[in-house]
1. Would you point out the residue of the stretch A:1-43, among those that are free of Cβ contacts under 8 Å to residues at least 12 places away in the same chain and either more than 14 Å from every other protein chain (Cβ to nearest Cβ) or surrounded by 17 or more Cβ atoms within 10 Å (Cβ to Cβ) (or both), that is farthest from residue A:290 (Cα to Cα)?
2. Read through the list (1) in contact (Cβ under 8 Å) with a residue 24 or more places away in the chain; (2) in contact with a helix residue (DSSP H, G or I) (Cβ under 7 Å, 6 or more places away or on another chain), then give the number of the only condition that residue A:164 fails.
3. I need a count of the residues in the stretch A:55-72 that are crowded, with 24+ Cβ neighbours inside 10 Å and part of a loop (DSSP other than H, G, I, E, B).
4. Taking residue B:85, is it assigned by TED's automatic domain parsing to the domain that holds residue B:144, within 14 Å of the chain's Cα centre (by Cα) and either farther than 21 Å from residue B:151 by Cα or modelled with pLDDT of 95 or more (or both)?
5. May I ask you to list the residues in the stretch A:301-310 that are in a helix (DSSP H, G or I), at the interface with chain B (Cβ under 10 Å from one of its Cβ atoms) and touching a residue at least 40 places away in the same chain (Cβ under 8 Å)?
6. Quick check, is residue A:96 assigned to a loop (DSSP other than H, G, I, E, B), touching a residue at least 24 places away in the same chain (Cβ under 8 Å) and either within 14 Å of chain B (Cβ to nearest Cβ) or touching a helix residue (DSSP H, G or I) at 6+ places or on another chain (Cβ under 9 Å) (or both)?
7. Looking at the stretch B:14-48, which of the residues that are touching a strand residue (DSSP E or B) at 6+ places or on another chain (Cβ under 8 Å) and within 15 Å of residue B:75 (Cβ to Cβ) is nearest to the other protein chains (Cβ to nearest Cβ)?
8. Contact list please: Cβ distance under 8 Å, first residue in the stretch B:118-131 and facing another protein chain (nearest Cβ under 8 Å) and on the phi > 0 side of the Ramachandran plot, second residue buried (at least 24 other Cβ atoms within 10 Å of the Cβ) and in a loop (DSSP other than H, G, I, E, B), pairs at least six apart or on different chains.
């Protein structure tokens, strides 16, 4: 893989000089940073969309002898690879975002939880950290700021999708199975080793240095009223130019398809396997928290694709990746996959499928964590939006025979 | 397991404990190193790690079985993982799988008789823009064709 590509974007892919963000941040007070982030209206970019300033203010207000900043680089959603691009091409943004987070909440320790599949990136990240220590961007009294110590270590995962969920990630860091915890208590109070912890996505942290330098107001001028800023989109599937793109929130699906050279598109899966599948009739919808929110995975399907096969691929994924501790998710995903296989073999009844749809809705409310709460999304949206294709074959092989 | 193998494994684990400490949070890094060297974590290794960390061996076993990249059963010296998730699937990953199966004379999930390769499927590798993709041990290979995939196999073992 080549190093830095020529990328074009208004925030993350704009020009940046190493150290600029931290230097500016250290000239401000902790409260100023928290308010600047609040002004930016930045929300968590991993997919959940929790306001970053709220998370940081809670972690900053928590009283403890030690606190942690964790960068969630366990990017496992099918169709997502933006964090890989940031870590390979823009590590300075991510690390500086962590340093600034540490300064704002009063933490001395940063941990990057890197997914096992990205082990090949580890070396370059570690080399970069060594350089940052030499430049006094990490270590003691950073850039001469008396009393501000911060360092970052990299922790490798071992391939488990569920570890992208923040409490499962913390369990994994502590040496356990990556099973999600009950919440509350939230990690901002009781996180890694029981200490206050802010877990933020790679992209979220990457936005921070730019926000600190140019201001929260500047940032929220991009995007829409309710979705401020820009977003990285990982585009794959049937198009001429699959890649990572930085676009403002509020872009429509049609605009997006045009930019990436997608032709004869039938459907777009937004938000990866746990997202929703949007049919052609809805391509004028906007990608934004108020319409279709997403962590940035965009998978494009053209007219030749069989949506039932796509759905089966997604459901197989969830059956394998469910951690198994709560019943709705463990059993529910298997039952939904079974349902897809019944349709495939023409052994279904509509009465049973409607029960499965109810089961899907039950999983959305009864599962313990985001995995089981979102895994029925593609089942429900594909069966609803593509029912004509799946259940009724107008040009069936037995027509007129 | 032969006695001298046990002794050398025990020494190796002691060194890992020195490097990572014996706190519970050291468990994953320790297991990862054993996995990367031996391609699996034997019962004996699990017991040794448990003893040092002062936890039950079953705790170690439960962690190993949870993570896809940790194995409690022996595997080949090189683990080939082909991405089966949607974007790579649409890029005709099956042609890569078939080529590799033919070349090595085994099916997915199996190990060659000379113990050189284990081939298996994996979930999304995060290389969806460059599919079809596969990993061989810690390296990744992208934009595969049946021919290039097989070439990479031979290159890795030299």
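1. Restricting attention to the stretch A:1-43, the residues satisfying the condition of being free of Cβ contacts under 8 Å to residues at least 12 places away in the same chain are A:2, A:6, A:15, A:17, A:27, A:29, A:31-32.
Then keep just the ones that are either more than 14 Å from every other protein chain (Cβ to nearest Cβ) or surrounded by 17 or more Cβ atoms within 10 Å (Cβ to Cβ) (or both); that gives A:6, A:15, A:17, A:27, A:29, A:31-32.
Details: A:6: 31, A:15: 30, A:17: 34, A:27: 36, A:29: 33, A:31: 29, A:32: 28 Å.
That would be A:27.
2. (2)
3. 0
4. On the way: assigned by TED's automatic domain parsing to the domain that holds residue B:144: yes; within 14 Å of the chain's Cα centre (by Cα): no; either farther than 21 Å from residue B:151 by Cα or modelled with pLDDT of 95 or more (or both): yes.
It is false that residue B:85 is assigned by TED's automatic domain parsing to the domain that holds residue B:144, within 14 Å of the chain's Cα centre (by Cα) and either farther than 21 Å from residue B:151 by Cα or modelled with pLDDT of 95 or more (or both).
5. Matches in the stretch A:301-310: A:310 only.
6. Values: assigned to a loop (DSSP other than H, G, I, E, B): no; touching a residue at least 24 places away in the same chain (Cβ under 8 Å): yes; either within 14 Å of chain B (Cβ to nearest Cβ) or touching a helix residue (DSSP H, G or I) at 6+ places or on another chain (Cβ under 9 Å) (or both): yes.
For residue A:96, the condition - assigned to a loop (DSSP other than H, G, I, E, B), touching a residue at least 24 places away in the same chain (Cβ under 8 Å) and either within 14 Å of chain B (Cβ to nearest Cβ) or touching a helix residue (DSSP H, G or I) at 6+ places or on another chain (Cβ under 9 Å) (or both) - is not met.
7. Filtering the stretch B:14-48 down to residues touching a strand residue (DSSP E or B) at 6+ places or on another chain (Cβ under 8 Å) leaves B:28-29, B:32, B:39.
So of that shortlist, the ones also within 15 Å of residue B:75 (Cβ to Cβ) come out as B:32, B:39.
Details: B:32: 6, B:39: 13 Å.
Here the residue is B:32.
8. B:126/A:75; B:126/A:76; B:126/A:80; B:126/A:81; B:126/A:115
The values are calculated or read from the model by the stated rules, or taken from the named source; none is laboratory data. Computed from a predicted structure; not experimentally measured. Glycine gets a Cβ as well: all are built from the backbone with ideal geometry, and neighbour counts include every protein chain shown.
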